[in-house]
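The values are calculated or read from the model by the stated rules, or taken from the named source; none is laboratory data. Everything numeric in this text was worked out from a predicted model, so none of it was measured. Here Cβ is always computed from backbone atoms with ideal geometry, including for glycine, and neighbour counts include all displayed protein chains. When the accessible area is computed, the model is the full protein with side chains, heavy atoms only, and any ligands, DNA or RNA have been set aside. Shrake-Rupley method; radii C 1.70, N 1.55, O 1.52, S 1.80 Å.
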Amino acid sequence: MKNRTHISVENLNVYYGDNQVLKNVTIAIPDKTITAIIGPSGCGKTTLLRCFNRLIDTVDGIKVTGKVLVDGDDIFDPQQDVTAIRKKMGLLSQRPFPLPMSIYENVAYGPRIHGTRKKNELDVIVEKYLKMANIWDEVKDRLHEPASSLSIGQQQRLCLARGLAVEPEIILADEPTSALDPVSSRNIEERFMELKNRYTIVMVTHILRQAKRLADYVVFVYLGELIEHGPSKEIFENPKEQITKEYIKGIIS
Amino acid sequence: MLLSTAIVMFSLLLILGTIVVKGLPALSLDMITKAPESGYYLGGGGGILNAIVGSLLLAAGASVVSMIFGIPVALYLNIYLTRKSKLAEVIRVALDVMCGVPSIVYGAFGFAIMLYLGVRASLLGGIIAVSLLIMPVMIRAIDEVVRLVPHELIEASYSVGANRFETVFKVVVRQTLPGIISAVLLGFGRGIGDAASVLFTTGFTDRISFSLLEPVATLPLAIFFQLGTPLPEVQQRAYASAFILTVIILVLSLSARFLVSRYGRHMVK
Ligand SMILES: Nc1ncnc2c1ncn2[C@@H]1O[C@H](COP(=O)(O)OP(=O)(O)OP(=O)(O)O)[C@@H](O)[C@H]1O
Ligand SMILES: [Mg+2]
């Protein structure tokens, strides 16, 4: 895998205090597809995802060695402008966290920070991304109501719109459907399928069927080690490692 | 538990009852619309508008000063220092100690600062002393609400490329606005009712004064002076003044509740 991708990781080690949770991870995440990070609970999936946009920095006592390259730049280089890195990536968390402001303001928040001030431009942006997240019809008459008044499923789509509004190239998602009901989950999954041709999507999931349905590329992490990665079909139908086989069959979880 | 609650409620009612029963007969329009006329403390005409105005100015000034210093401190403790920070713990303990320091100490300390600055007993002096008194209370109250802001919310802001400053002022402050408002009003209430801290620092005057550098009257001292006279009708006015002070504090806590529900609507749980 020599061709340069948006995100690639070289010899990444992450320690929480003395506890090493990622061990020498090296991988290139393919562009413009959905990559699923799978693995049992506590194996370091979230940690890996949070390295990509350096949210990991906000944790006490963290130590990171190795490189995460985003568009060729080592993002852990102290010279890097961390806000510019984060702007390249939208983030969906396990539970949606809308900002404490109106629906409209939530989507306008990012663009405003990055310099779009004019009301009519913001109006266009807000509508565009709410539509892209397939929530426009539900909220177009109540744009100035608090975002917290939406249902959880709607909030997650609003968070997607908020992330898309800063025009990222990458979408990071950490178990984005685990707090949602089946219909809302379906809705998010459909959004991902629509967006995958334009964005590089990396999602953590512990639902194997979801990974099978959505992902083109699968990364299997076990106890902090990257065991195996490859096209979804290969991993699910013909895994090379015994441990991957067992995980996929549900023998270990 | 029920008994304790009953005793507490009963004492509260007793206090309010005393103030109302003793003060109401002396309460008149003059009380709240006029400054003392000559011989007021001997039963002459006039009112305590001087003290009402003075106390409001003093408490408002001190609240603004404490807010300007206090909000950044509370935010610093939580957002810039990490959760396990030793420094933050030390500062919190120090603030808790300061909350418990009797107000006369702040009065004395304020007085010392005034001497050093060459300020005489005045509204400004009072504002310095009362700010010192209410700042720790206000900071700890804001600290408690900022501490409750979910970390994910801060991350959500970071993840669209906001820096720490933008996150603090656009997200954290908005999320905690109701708590900040109640903390400020809590400080205001504590400041307006305190006598010891203003004893040496504000002086007292029968005029209605708006000047920072002139002495001002305050309600607690007005109550103190009126109670100190031997005349029953003037003592009654002390209760009426206490009643007025209580009403101000009541209005304050009601408006706090109103503002909290009004600005709380965007809060994310
Ligand atoms: N803030 C932290 N401080 C210390 N240890 C942590 C912290 N966050 C995570 N860990 C530890 O790091 C390891 C990996 O955690 P991580 O959250 O990355 O796992 P995960 O694969 O996302 O798990 P899950 O499927 O439960 O979400 C776990 O053993 C966890 O206990
Ligand atoms: Mg996780």
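Out of (1) touching a residue at least 40 places away in the same chain (Cβ under 8 Å); (2) open to solvent by 20 Å² or more (accessible area, probe 1.4 Å); (3) among the hydrophobic types (A, V, I, L, M, F, W, C), the odd one out for B:Ala74 is which?
(2)
B:Val105: touching a Ser or Thr at 6+ places or on another chain (Cβ under 9 Å), part of a helix (DSSP H, G or I) and more than 30 Å from A:Gly61 (Cα to Cα), yes or no?
Numbers: touching a Ser or Thr at 6+ places or on another chain (Cβ under 9 Å): yes; part of a helix (DSSP H, G or I): yes; more than 30 Å from A:Gly61 (Cα to Cα): yes.
In short, yes.
Quick check on segment A:21-60: of everything there that is more than 9 Å from ligand 1 (Cβ to nearest atom) and without any contact (Cβ under 8 Å) to a residue 40 or more places away in the chain, which residue is farthest from the other protein chains (Cβ to nearest Cβ)?
Per the stated criteria, the residue is A:Ala28.
Could you look through segment A:149-199, keep only residues that are among the hydroxyl-bearing types (Ser, Thr, Tyr) and surrounded by fewer than 18 Cβ atoms within 10 Å (Cβ to Cβ), and pick out the one that is nearest to A:Tyr217 (Cα to Cα)? Walk me through how you get there before you give the answer.
Step one: filter segment A:149-199 for residues among the hydroxyl-bearing types (Ser, Thr, Tyr), giving A:149, A:151, A:177-178, A:184-185, A:199.
If we keep only those that are surrounded by fewer than 18 Cβ atoms within 10 Å (Cβ to Cβ) as well, we get A:149, A:151, A:178.
Details: A:Ser149: 36, A:Ser151: 31, A:Ser178: 20 Å.
Across segment A:149-199, the extreme among qualifying residues is A:Ser178.
Would you please list the contacts, defined by Cβ atoms under 9 Å and residues six or more apart or on different chains, that run from a residue in segment A:193-208 that is within 14 Å of chain B (Cβ to nearest Cβ) to a residue that is more than 16 Å from ligand 2 (Cβ to nearest atom)?
What qualifies is A:Val202/A:Ile7; A:Val202/A:Ile29; A:Val202/A:Ile34; A:Val202/A:Met89; A:Val202/A:Ile170; A:Val202/A:Ile171.
Tally up the residues in segment A:139-148 that are under 16 Å from A:Pro98 (Cα atoms), open to solvent by 50 Å² or more (accessible area, probe 1.4 Å) and more than 11 Å from chain B (Cβ to nearest Cβ), please.
First, pick out the residues of segment A:139-148 that are under 16 Å from A:Pro98 (Cα atoms): A:139, A:142-148.
Checking the rest, the ones that are also open to solvent by 50 Å² or more (accessible area, probe 1.4 Å) come to A:142, A:144-145.
Next, only the ones that are more than 11 Å from chain B (Cβ to nearest Cβ) stay: A:142.
The qualifying residues number 1.
Looking only at segment A:129-138, how many residues end up being without any contact (Cβ under 8 Å) to a residue 12 or more places away in the chain and open to solvent by less than 100 Å² (accessible area, probe 1.4 Å)? If you could, list the steps in order and put the result at the bottom.
Let us first name the residues in segment A:129-138 that are without any contact (Cβ under 8 Å) to a residue 12 or more places away in the chain, namely A:131, A:136-137.
Checking which are open to solvent by less than 100 Å² (accessible area, probe 1.4 Å) leaves us with A:136.
Final tally of qualifying residues: 1.
Can you pull out the residues in segment A:201-224 that are open to solvent by 60 Å² or more (accessible area, probe 1.4 Å) and within 16 Å of ligand 2 (Cβ to nearest atom)? Steps first, answer last, please.
Of all residues in segment A:201-224, those open to solvent by 60 Å² or more (accessible area, probe 1.4 Å) come to A:206, A:209, A:212-213, A:223.
Passing the criteria: A:His206, A:Leu223.
Which residues, taken from segment A:6-39, are more than 18 Å from the chain's Cα centre (by Cα), open to solvent by 10 Å² or more (accessible area, probe 1.4 Å) and not polar (S, T, N, Q)?
Hits for segment A:6-39 are A:Glu10, A:Tyr15, A:Tyr16, A:Gly17, A:Asp18, A:Val21, A:Lys23.
Of these, B:Val168, B:Val184, which one is within 14 Å of chain A (Cβ to nearest Cβ) and under 19 Å from B:Asp143 (Cβ atoms)? Please lay out each step first, then the result.
Values: B:Val184 fails: within 14 Å of chain A (Cβ to nearest Cβ).
Checking each option against the conditions leaves just B:Val168.
I'd like to check something: does segment A:231-250 contain any residue that is open to solvent by less than 10 Å² (accessible area, probe 1.4 Å) and more than 28 Å from A:Glu121 (Cα to Cα)? Full working, then the answer.
Filtering segment A:231-250 down to residues open to solvent by less than 10 Å² (accessible area, probe 1.4 Å) leaves A:235, A:244.
Remaining after also requiring more than 28 Å from A:Glu121 (Cα to Cα): A:235, A:244.
Within segment A:231-250, one or more residues are open to solvent by less than 10 Å² (accessible area, probe 1.4 Å) and more than 28 Å from A:Glu121 (Cα to Cα).
Checking the condition within 14 Å of chain A (Cβ to nearest Cβ), open to solvent by less than 30 Å² (accessible area, probe 1.4 Å) and either modelled with pLDDT of 90 or more or out of contact with any His (no Cβ under 8 Å at 6 or more places or on another chain) (or both), which residue from B:Val146, B:Val130 passes? Show your work before the answer.
Numbers: B:Val130 fails: within 14 Å of chain A (Cβ to nearest Cβ).
Only one candidate qualifies: B:Val146.
Please go through (1) at pLDDT below 90; (2) within 14 Å of chain A (Cβ to nearest Cβ) for B:Arg174 and return the number of the only condition it doesn't satisfy.
Single failed check for B:Arg174: (1).
Inspect all residues belonging to segment B:102-113 and state whether any of them is in contact with a helix residue (DSSP H, G or I) (Cβ under 6 Å, 6 or more places away or on another chain), at pLDDT 90 or above, open to solvent by 40 Å² or more (accessible area, probe 1.4 Å) and more than 30 Å from B:Ile208 (Cβ to Cβ).
Within segment B:102-113 (the criterion being in contact with a helix residue (DSSP H, G or I) (Cβ under 6 Å, 6 or more places away or on another chain), at pLDDT 90 or above, open to solvent by 40 Å² or more (accessible area, probe 1.4 Å) and more than 30 Å from B:Ile208 (Cβ to Cβ)), the answer is no, since none of the residues qualifies.
Can you name every residue in segment B:149-165 that is crowded, with 21+ Cβ neighbours inside 10 Å and within 7 Å of chain A (Cβ to nearest Cβ)?
Result: B:Ala156, B:Ser157, B:Tyr158, B:Ser159, B:Val160, B:Gly161, B:Ala162.
How many residues does segment A:73-107 hold that are more than 16 Å from ligand 1 (Cβ to nearest atom), open to solvent by 40 Å² or more (accessible area, probe 1.4 Å) and part of a loop (DSSP other than H, G, I, E, B)?
Selection size over segment A:73-107: 7.
Confirm whether B:Gly161 is at positive phi and of a type outside the set (Asp, Glu). Walk me through it before giving the result.
Numbers: at positive phi: yes; of a type outside the set (Asp, Glu): yes.
So B:Gly161 fits the description; yes.
Inside segment A:61-72, can you point out the residues that are within 12 Å of ligand 1 (Cβ to nearest atom) and away from chain B (no Cβ under 14 Å)?
Within segment A:61-72, the first condition is being within 12 Å of ligand 1 (Cβ to nearest atom), and the residues that meet it are A:61-63.
Matches in segment A:61-72: A:Lys63 only.
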